[in-house]
Amino acid sequence: MVRVKNPDEIRDMIKNHPMSLRRVFSIAAHIDHGKTTTSDYLLRKAGLMSDADAGKKVMMDSDEEEQERGITIFTSVVMLSYEFEGETYLCEINDTPGHISFTGEVSRALRGSDGVVILVDALEGVMTQTETNIRLSLGEMCKPVLFINKVDRLISELRLAPQDVFAKIDAIISGVNKLIRDNAPEGLGKNWQVSFKDGSVAVGSAKDGWAFNMTTLQKLQIKPQDVFAKYDENDKPWLRENLPLEEPILEMVIRHLPNPVDGQKIKIPAIWSGDINSPEGQSLINCDRDGPLLGMITKIFIEPKSKRPTLIGRVFSGTLKSSDSLYLIGKKTTSRIKRLGVMEITDILDVDEVPAGNLFAIYGFITPAGETFVREEDKGKLAAFEEISYVAEPVVSRTIKPKNPQDIAKLGEVVSKWIMADPTAAFRHDQESKTYVLSGIDPLQIEILVTRIQEQVEIDVSDPIIVYREVPTKQGITVHAKSPNGHNRLMLHIDLMNQASIDLIKSGKIHNDQDRRERARILQEEAGWQAKIARRIWYIKDSNMILDATTGVQRLDNIKAYIIQIFHDFCEGSTLAKEPLMGALFVITDATVHVDPAHTGFTEIFQMSLAAFHTTFLTSEPHILEPMLIVDIKVPSDYVGNMSKVITQHRGIILDMVQEGDNTRVRGKLPTAETIDIADEIRGNSSGRAFFGYEFRGFERVPTNLEAEIIESIRVRKELAPQVPDVSNWDRFMYRRT
């Protein structure tokens, strides 16, 4: 069991410690660059780990799957107090995953943080996930500092001369600063640059437990070359004793990352859509513990043995109390807190109240990560926070089915819980086959979820399947469909959603739960919509919309819910291959609804609406898109030809090649479908000397010569007729005047 050093002291600090002496930050990096090992030394500094264990025990990888795989899967949260220059600082730390599969954990951790420690491997340099983490950090208004780890590898493995090591470090700092300049919010690109000279960069080795920054060198009156001498003498204990890793990192955090008050002044305008000049807005800006309660759930921790969920998040305004009933704005429900505290890796330290500027842990109910909450009495008075933005979409799926058919309901409950914990994954229930289709960013994310689910329900699992997208490429014809009984009619057409509208949906700026006038204003100002049309949007599903552009139609509201449900299902599986629809706008232009509800049942509206959706979609020159990945490979220059061959043999293209010392950085783009086993090929064709990573890069049209073959293979796999249906399949539901 993990125990905090002084529980009563921590409780008092949470409630009463000065804001200037608090830091809430994340630690983020590419996979295996040393985040969790570095975190061990911070635990050691707080007295939670012995000197012997630090750097070896990987305490923040508390999950059995994490320990077995040797990677961080979930964000670990810990609260620690530190003594620095005569002051006691309260630090709340998120150690985040580095694998592309778990970038959602990084996004959610950053939402609750004010700053971030970016780690970079000195040998590998800036990799794809490093770039992604920097962009995510800046998007969430988290100020960065930099720790360049694994410098020991340059010294003892590569045997580089000091000047060559310094050159590599300078190149990494320059690369990080370019990313900051290119991605920082306006006005912050220059102020947020990192520099060894000002102490916002540290270098060291988490494996050997040492690090230094400029302040360290000045304080001890030593030179960087002294580190090389100690390696020549094999005197690592001297380095650990005189240059303890945690000291320069903590100094960077304390001197360069903002406290919660300063952090929220920058963060709130970017994540909250309400009026900043209102009393509620000022309470958020000033991190006011006496203001109205407003907070966000950023993570759901599911206890490995009991499977009970704990909700972790941040209070941005007001004070959260153990006696509170919370109104969940997105879910539109009220839930009562059963236990309130702060998280210590896998344990909760109970606290009776948590004021603004703190992370918290709640037990008693479950809701999706990303939920905004207020007090029950403030229901309807406060705006929700913006949705958390994710860099990848679900593009790989597996079907899961309970071995015991009686467990289908239990399976639904279990899967739902894990999807709430990780909203970057998705699932849907196929009523016909009695299976769940589980979709995720890549096979590893799905594999982890399947392992979790199997611990509670025995299931059969299919092989990983790539999830494509179906899109219209032009406006479809206006179709006039009728219900089987002939008493109802629906006229609509499909159009293309403009990219600005799609971006607003993905960023969470527009969504189903917001006021329709506010949504219309945003669409008018940022996506060129006419306000009166935008106010008539019925529903948003993924990057698709349906809207009512009718005039004078009576009783349309009587069947609105049915049409929305049918639209929702059509977006999950469209006409070409029952793959998800993307970028479509359905416009209803006319309708006839029978006066007698007996003639407007679901079956009648279902057949009519589905016929209209399929027919207009088939006339929009639809195509299928496949998910694409950027592969970033760093390899000795002798292997560049091999790497180029691997990429191009998998339908990939080379984007660029850049010489970096003795290595070459090769960046290519290729379909996700071609990357299932490509890691083994990269290792085999580089004698294991390649460093590589992936980054999701959206969807692109399948090559024309392969499209029909891919569509047919998907349809056969789903046990559909091999041929795509044509409009004649629904001709009997088309209304024609006689």
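The values are calculated or read from the model by the stated rules, or taken from the named source; none is laboratory data. A quick note: this is a predicted structure, and the numbers were derived from the prediction, not measured. Every residue, glycine among them, receives a Cβ derived from its backbone with ideal geometry; neighbour counts consider all protein chains shown.
Residue check: is Lys299 in a strand (DSSP E or B), modelled with pLDDT under 90 and among the charged types (D, E, K, R)?
yes
Say whether the condition of being within 30 Å of Ala679 (Cα to Cα) and either out of contact with any Gly (no Cβ under 8 Å at 6 or more places or on another chain) or surrounded by fewer than 21 Cβ atoms within 10 Å (Cβ to Cβ) (or both) is met by at least one residue in the stretch 604-624.
Within the stretch 604-624, one or more residues are within 30 Å of Ala679 (Cα to Cα) and either out of contact with any Gly (no Cβ under 8 Å at 6 or more places or on another chain) or surrounded by fewer than 21 Cβ atoms within 10 Å (Cβ to Cβ) (or both).
Against the conditions (1) surrounded by 14 or more Cβ atoms within 10 Å (Cβ to Cβ); (2) over 27 Å from the mean Cα position of the chain (by Cα), where does Ile678 fall short? Just the number, please.
(2)
Between a residue in the stretch 368-385 that is closer than 9 Å to Tyr327 by Cβ and any residue that is in a loop (DSSP other than H, G, I, E, B), which pairs come within a Cβ distance under 6 Å, given they are 6 or more apart or on different chains?
If the second residue must be in a loop (DSSP other than H, G, I, E, B), the pairs left are Val374/Leu293; Val374/Leu382; Arg375/Leu293; Asp378/Pro292.
Strands (runs of 3 or more DSSP E) wholly in the stretch 309-424 with at least 2 residues that are polar (S, T, N, Q) and either buried (at least 22 other Cβ atoms within 10 Å of the Cβ) or out of contact with any Lys or Arg (no Cβ under 6 Å at 6 or more places or on another chain) (or both) - which ones?
Once the strands (runs of 3 or more DSSP E) in the stretch 309-424 are filtered for at least 2 residues that are polar (S, T, N, Q) and either buried (at least 22 other Cβ atoms within 10 Å of the Cβ) or out of contact with any Lys or Arg (no Cβ under 6 Å at 6 or more places or on another chain) (or both), what remains is 309-317, 333-336, 396-402.
This table checks each residue for (1) farther than 30 Å from Ser306 by Cβ; (2) buried (at least 17 other Cβ atoms within 10 Å of the Cβ); (3) polar (S, T, N, Q); (4) at pLDDT below 95.
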residue: Glu458; (1), (2), (3), (4): no, no, no, yes
residue: Asp463; (1), (2), (3), (4): yes, no, no, yes
residue: Ile466; (1), (2), (3), (4): yes, yes, no, yes
residue: Pro472; (1), (2), (3), (4): yes, yes, no, no
residue: Ile477; (1), (2), (3), (4): yes, no, no, no
residue: Asn485; (1), (2), (3), (4): yes, no, yes, yes
residue: His493; (1), (2), (3), (4): yes, yes, no, no
residue: Ile502; (1), (2), (3), (4): yes, yes, no, yes
residue: Ile505; (1), (2), (3), (4): yes, yes, no, yes
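For the stretch 242-293, which fully contained helices (runs of 4 or more DSSP H) count at least 2 residues that are small (Gly, Ala, Ser) and in contact (Cβ under 8 Å) with a residue 40 or more places away in the chain?
Counting at least 2 such residues, we get 260-271.
A quick yes/no check of all residues on (1) surrounded by 19 or more Cβ atoms within 10 Å (Cβ to Cβ); (2) in the same structural domain as Ile271 (by TED's automatic domain parsing); (3) at pLDDT 50 or above; (4) not in a helix (DSSP H, G or I):
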site: Ser39; (1), (2), (3), (4): yes, no, yes, no
site: Met60; (1), (2), (3), (4): yes, no, no, yes
site: Glu66; (1), (2), (3), (4): yes, no, no, no
site: Thr72; (1), (2), (3), (4): yes, no, no, yes
site: Val77; (1), (2), (3), (4): yes, no, yes, yes
site: Asn94; (1), (2), (3), (4): yes, no, yes, yes
site: Pro97; (1), (2), (3), (4): yes, no, yes, yes
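Quick one: which helices (runs of 4 or more DSSP H) lie wholly within the stretch 596-685 and hold at least 2 residues that are under 30 Å from Leu581 (Cβ atoms) and in contact (Cβ under 8 Å) with a residue 12 or more places away in the chain?
Output list reads 602-618.
Looking at the stretch 435-456, which of its residues are surrounded by fewer than 16 Cβ atoms within 10 Å (Cβ to Cβ) and assigned to a loop (DSSP other than H, G, I, E, B)?
Glu455
Conditions tested, residue by residue: (1) farther than 19 Å from Arg489 by Cβ; (2) at pLDDT 95 or above; (3) among the small types (Gly, Ala, Ser).
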site	(1), (2), (3)
Arg517	yes, no, no
Tyr539	yes, yes, no
Gly552	no, no, yes
Ile566	no, yes, no
Phe570	no, yes, no
Lys578	yes, no, no
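Which members of the stretch 139-153 meet the condition of being surrounded by fewer than 21 Cβ atoms within 10 Å (Cβ to Cβ) and of a type in the set (A, V, I, L, M)?
Those that are surrounded by fewer than 21 Cβ atoms within 10 Å (Cβ to Cβ) and of a type in the set (A, V, I, L, M): none in the stretch 139-153.
Check His511 against each of (1) modelled with pLDDT of 80 or more; (2) outside any loop (DSSP other than H, G, I, E, B); (3) under 28 Å from the mean Cα position of the chain (by Cα) and name the one condition it does not meet.
(2)
Could you grab the pairs with beta carbons closer than 7 Å, sequence gap of 6+ or different chains, first residue in the stretch 117-143 and under 22 Å from Arg153 (Cβ atoms), second one assigned to a loop (DSSP other than H, G, I, E, B) and hydroxyl-bearing (Ser, Thr, Tyr)?
none
Condition first: surrounded by fewer than 17 Cβ atoms within 10 Å (Cβ to Cβ) and not in a loop (DSSP other than H, G, I, E, B). Now tell me which residues in the stretch 232-241 satisfy that.
Once the filter is applied, which keeps residues that are surrounded by fewer than 17 Cβ atoms within 10 Å (Cβ to Cβ) and not in a loop (DSSP other than H, G, I, E, B), the stretch 232-241 yields Asp232, Pro237, Trp238, Glu241.
Checking the condition crowded, with 21+ Cβ neighbours inside 10 Å and not aromatic (Phe, Trp, Tyr), which residue from Leu585, Leu556, Leu576 passes?
On the way: Leu585 fails: crowded, with 21+ Cβ neighbours inside 10 Å; Leu556 fails: crowded, with 21+ Cβ neighbours inside 10 Å.
One residue alone meets the criteria, Leu576.
Considering only residues that are surrounded by 11 or more Cβ atoms within 10 Å (Cβ to Cβ), part of a helix (DSSP H, G or I) and not hydrophobic (A, V, I, L, M, F, W, C), which ones fall in the stretch 710-730?
Scanning the stretch 710-730 gives Glu712, Ser713, Arg715, Arg717, Asn729.
Consider the stretch 351-380. How many of its residues are touching a helix residue (DSSP H, G or I) at 6+ places or on another chain (Cβ under 8 Å) and among the charged types (D, E, K, R)?
Residues that pass the stated criteria total 1.
Does Tyr539 count as touching a residue at least 12 places away in the same chain (Cβ under 8 Å), assigned to a helix (DSSP H, G or I) and aromatic (Phe, Trp, Tyr)?
Here the answer is no, as Tyr539 does not meet what is asked.
Looking for whichever is of a type outside the set (D, E, K, R), in contact with a Pro (Cβ under 6 Å, 6 or more places away or on another chain) and outside any loop (DSSP other than H, G, I, E, B) here; the options are Ile134, Ile155, Ile148, Ile118. Which one fits?
Answer to the check: Ile118.
From Ser200, Ser205, which residue is in the same structural domain as Glu140 (by TED's automatic domain parsing), surrounded by 17 or more Cβ atoms within 10 Å (Cβ to Cβ) and out of contact with any Lys or Arg (no Cβ under 7 Å at 6 or more places or on another chain)? Write out each step before concluding.
Numbers: Ser205 fails: out of contact with any Lys or Arg (no Cβ under 7 Å at 6 or more places or on another chain).
Being in the same structural domain as Glu140 (by TED's automatic domain parsing), surrounded by 17 or more Cβ atoms within 10 Å (Cβ to Cβ) and out of contact with any Lys or Arg (no Cβ under 7 Å at 6 or more places or on another chain) holds for just one of Ser200, Ser205, which is Ser200.
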